[in-house]
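The values are calculated or read from the model by the stated rules, or taken from the named source; none is laboratory data. Remember, predicted model here, so these are calculated numbers, not experimental data. Cβ sites come from the backbone with ideal geometry, for glycine too, and all protein chains shown count toward neighbours.
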There are 2 protein chains.
Amino acid sequence: MSRDREARAALSAVVEPGEETVAVRLEEAGAVATWNAVRDGDDALDKTGLLRRRAVRVDGAGVLARAERLGIDFLCPGDPGWPAPLNAMAATMTFGADRVPPPFGLYVRGDVDLSGAVDHAVAIVGARNASRYGERVASDLAADLALSGWTVVSGAAFGIDGVAHRGALTVGGVTIAVLASGVDVPYPRGHTDLLDRIAASGVVVSEVPPGSRPMRSWFLARNRIIAALTAGTVVVEAAARSGALNTARWADKLSREVLAMPGPVTSALSVGCHDLVRDHGATLVTDARDVLDAVGQLAADAAPLRQGEERPFDRLLPVQRMVREHMSAEGPSSVDLLVRATGLEGARVRRALRELAIGGWVTQVPGGWCLGSRVP
Amino acid sequence: MSRDREARAALSAVVEPGEETVAVRLEEAGAVATWNAVRDGDDALDKTGLLRRRAVRVDGAGVLARAERLGIDFLCPGDPGWPAPLNAMAATMTFGADRVPPPFGLYVRGDVDLSGAVDHAVAIVGARNASRYGERVASDLAADLALSGWTVVSGAAFGIDGVAHRGALTVGGVTIAVLASGVDVPYPRGHTDLLDRIAASGVVVSEVPPGSRPMRSWFLARNRIIAALTAGTVVVEAAARSGALNTARWADKLSREVLAMPGPVTSALSVGCHDLVRDHGATLVTDARDVLDAVGQLAADAAPLRQGEERPFDRLLPVQRMVREHMSAEGPSSVDLLVRATGLEGARVRRALRELAIGGWVTQVPGGWCLGSRVP
């Protein structure tokens, strides 16, 4: 396992966050073989030779030793404390369509158990140049969610991200900052104190090694981890092409809830939120209760079904039957495929799949959803 | 026909607006028989004897003569100028569930042709105690819709209604005020000038005779006519129990589009709008383009289908097939029934029905939707 960890640490220091080809190879061949291939200049992984040139100077054991000296943990899939929700990312890699490459590992600063903290977690993201309205709403929402025992996950940026973290901290809640830089490289600088406070009572995580300064493209890649760690992403204020919408897209690809706070139609900072609701099936939310109604639905739905309490096939709703009948008998069906096949909205297909999963009719697998073990 | 008109005028002077029992009888027995029954104290229509006591003092010919002296027209179903969209109300009366009683007739003040004016018409309704935000948004929306050639229908109340009318007038558009009082009784008083302006370039209508002062319950009944005259109702600012939501409910019962403008989640005046989107399947709209996208859909969808361009049954989307397959072969199926049968949202069922209607697969009839003439 130590060689696996070292290989993952080395990969995290050499490969761009969110890169697909290497992530696919890792799923197929494992970390050690993938690292060896990168180091040896495997053309399929490294057309320009860039990775090989970088790899020459990188030693996984050294990366880990440096992290350890800084008091920073490195969590790998399967480790105690590894957040199980991230496994949904690996599941997207095996079959095509909506790939969300998992991180090689997570560098963690803070003493809170990450896997426990994400058991009930919601992301709150939004505009950096937020309005006072947006900041007030995000802060209240974060505080209310934290008071309900939910962890608030965000990206520590100025604006909505920052007030979301602060709102959770204010009421003594747990909050997680996912950085595009190393967890020891405060970014933005102006949030150095905030990141210290988050690390003191929550967790600061990153997929890039300590000491890394953030590259521009890493922020978009970072957003997939924010989406993956949580049951849903709430967008509070986002202009038409805001980065926060990128987090919402990752959430959608991962079948997480996408939630949006409305605002004045006269505010450019609410355009992205309204677009999400109107054109992309996001759920409109106005407060923490709405958010919990949406992300807590699965748990609530699952509750009444216990061993022996089966729902026969003919008691399924027609819409559930229709989705199930359009699933392939031979391999996983993606949500996209079911949307095209049924003519239903993506959100409706996903809801039906979750409802079916609760009854054992379907199972989420790498690449989509399969018919479950239950025989109709 | 003259006796029918007189009976309808008499009924309009005696029966409460929106009353169901009398409206059902009128659909079955016609206006003259219904008026005779009311005048003679038919117990089934008039348990307390109130209508009979009122009827003693009422003479339909006199009501009509008085209207004529004031320059007020009385339109009855089938008259030239009678707005065809109101026939959807009569259609709801034959079968149970969602009844929307039609008016006995419409008193009309203004020279614009009412039936032409509602050919492309949208309702804009909302809070009386609107905020400056709501007033600005409603005014801009009304002006933009009017500039696109759409008629703006509202209730002439203070707040959103008033600015909607004014917004349309400002750009030289046509606007229709539906009053709960007689069309010659300005209500609210403060809108006397506004109502004169509306009558000068648009239409003021009411189902109660000239001279009538509005009763409290009449406002809710009046809202059904606002909904029925239009392809959709836009709610701009509404508190949790606002009367504007009542108009939205009528629109929903009549299978009209229900549209809502979002606002700050911190504003009590937007709570009703957000509720509509989140819990009642209303479409979020932020400007006139959004509104026309929603209410203009039918026209746009219908365009490419001409004589000879048929869509075969197997090219229907599964969701359309599913809705069609759950329709009764023996009588009309209501949207509610189809919602229960399919497990789809009401808005999705309605959209599928409209899509099916365009292809001739189903037809809207009194009480719901029937299988169309096309044989699969």
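Some observations on this one:
- For region B:315-367, filtering for residues that are modelled with pLDDT of 85 or more, in a helix (DSSP H, G or I) and among the polar types (S, T, N, Q) leaves 0.
- When B:VAL152 is tested against (1) assigned to a helix (DSSP H, G or I); (2) surrounded by 22 or more Cβ atoms within 10 Å (Cβ to Cβ), exactly one condition is not met: (1).
- The single residue among B:ARG189, B:ARG166, B:ARG197, B:ARG213 that is free of Cβ contacts under 8 Å to residues at least 24 places away in the same chain and of a type in the set (Lys, Arg) turns out to be B:ARG189.
- The set of residues from region B:196-244 being of a type in the set (Asp, Glu) and farther than 25 Å from B:ALA268 by Cα comprises B:ASP196, B:GLU207.
- Breaking point among (1) part of a helix (DSSP H, G or I); (2) among the hydrophobic types (A, V, I, L, M, F, W, C); (3) in contact with a strand residue (DSSP E or B) (Cβ under 6 Å, 6 or more places away or on another chain), for B:ALA10: (3)
Residues checked against (1) of a type in the set (D, E, K, R); (2) in a helix (DSSP H, G or I); (3) crowded, with 24+ Cβ neighbours inside 10 Å:
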| residue | (1), (2), (3) |
| --- | --- |
| B:ASP161 | yes, yes, yes |
| B:VAL205 | no, no, yes |
| B:TRP218 | no, yes, no |
| B:THR247 | no, yes, yes |
| B:LEU259 | no, no, yes |
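- Any chance B:ARG311 is farther than 23 Å from A:LEU356 by Cα and at pLDDT 80 or above: no
- Filtered residue count, region A:109-142, keeping only those that are touching an Asp or Glu at 6+ places or on another chain (Cβ under 6 Å) and more than 14 Å from A:VAL153 (Cα to Cα): 3
- Candidates A:VAL265, A:VAL295, A:VAL277, A:VAL285 - the one that is in contact (Cβ under 8 Å) with a residue 60 or more places away in the chain and either under 29 Å from A:ALA91 (Cβ atoms) or touching a strand residue (DSSP E or B) at 6+ places or on another chain (Cβ under 8 Å) (or both): A:VAL295
- A single member of A:ASP73, A:ASP79, A:ASP111, A:ASP119 is closer than 19 Å to A:LEU179 by Cα and surrounded by fewer than 17 Cβ atoms within 10 Å (Cβ to Cβ), and it is A:ASP111.
- Scan of region B:236-258 for residues that are within 13 Å of another protein chain (Cβ to nearest Cβ) and in contact (Cβ under 8 Å) with a residue 60 or more places away in the chain, ordered by number: B:VAL236, B:GLU237
- Residue match in region A:165-184 (condition: within 17 Å of A:ALA248 (Cα to Cα) and in contact with an Asp or Glu (Cβ under 6 Å, 6 or more places away or on another chain)): no
- Scan of region A:336-356 for residues that are in contact with a helix residue (DSSP H, G or I) (Cβ under 7 Å, 6 or more places away or on another chain), surrounded by fewer than 22 Cβ atoms within 10 Å (Cβ to Cβ) and more than 9 Å from chain B (Cβ to nearest Cβ), ordered by number: A:VAL339, A:GLY346, A:ARG350, A:ARG354
- Of the criteria (1) closer than 27 Å to B:TYR133 by Cα; (2) away from chain B (no Cβ under 13 Å); (3) of a type in the set (D, E, K, R), which one A:ARG222 fails: (1)
- Single match in B:ASP161, B:ASP193 (criterion: assigned by TED's automatic domain parsing to the domain that holds B:ALA130 and over 21 Å from B:VAL118 (Cβ atoms)): B:ASP193
- Count of residues meeting criterion [surrounded by 19 or more Cβ atoms within 10 Å (Cβ to Cβ) and within 19 Å of B:ILE226 (Cα to Cα)] in region B:136-149: 7
- Qualifying positions in region A:52-92 - small (Gly, Ala, Ser) and farther than 13 Å from A:LEU11 by Cα: A:ALA65, A:ALA67, A:GLY71, A:GLY78, A:GLY81, A:ALA84, A:ALA88, A:ALA90, A:ALA91
- Meets criteria (closer than 30 Å to A:MET261 by Cα and within 18 Å of the chain's Cα centre (by Cα)) for A:ARG128: no
- Sole exception among (1) surrounded by 24 or more Cβ atoms within 10 Å (Cβ to Cβ); (2) within 14 Å of another protein chain (Cβ to nearest Cβ); (3) not β-branched (Val, Ile, Thr) for A:PRO264, by number: (1)
- Residue satisfying all of: in region B:220-236; outside any helix (DSSP H, G or I) and out of contact with any Ser or Thr (no Cβ under 6 Å at 6 or more places or on another chain); farthest from B:LEU11 (Cα to Cα) among these: B:VAL236
- For B:GLY232, the test of being closer than 24 Å to B:SER131 by Cα and within 14 Å of chain A (Cβ to nearest Cβ) is failed.
- Subset of region A:266-288 [closer than 27 Å to A:LEU344 by Cβ and either outside any helix (DSSP H, G or I) or among the charged types (D, E, K, R) (or both)]: A:ASP275, A:ARG278, A:ASP279, A:GLY281, A:ALA282, A:THR283, A:LEU284, A:VAL285, A:THR286
- Screening the candidates B:ARG25, B:ARG52 for the property of being more than 19 Å from B:PRO101 (Cβ to Cβ) and outside the structural domain of B:VAL205 (by TED's automatic domain parsing) yields one hit, B:ARG52.
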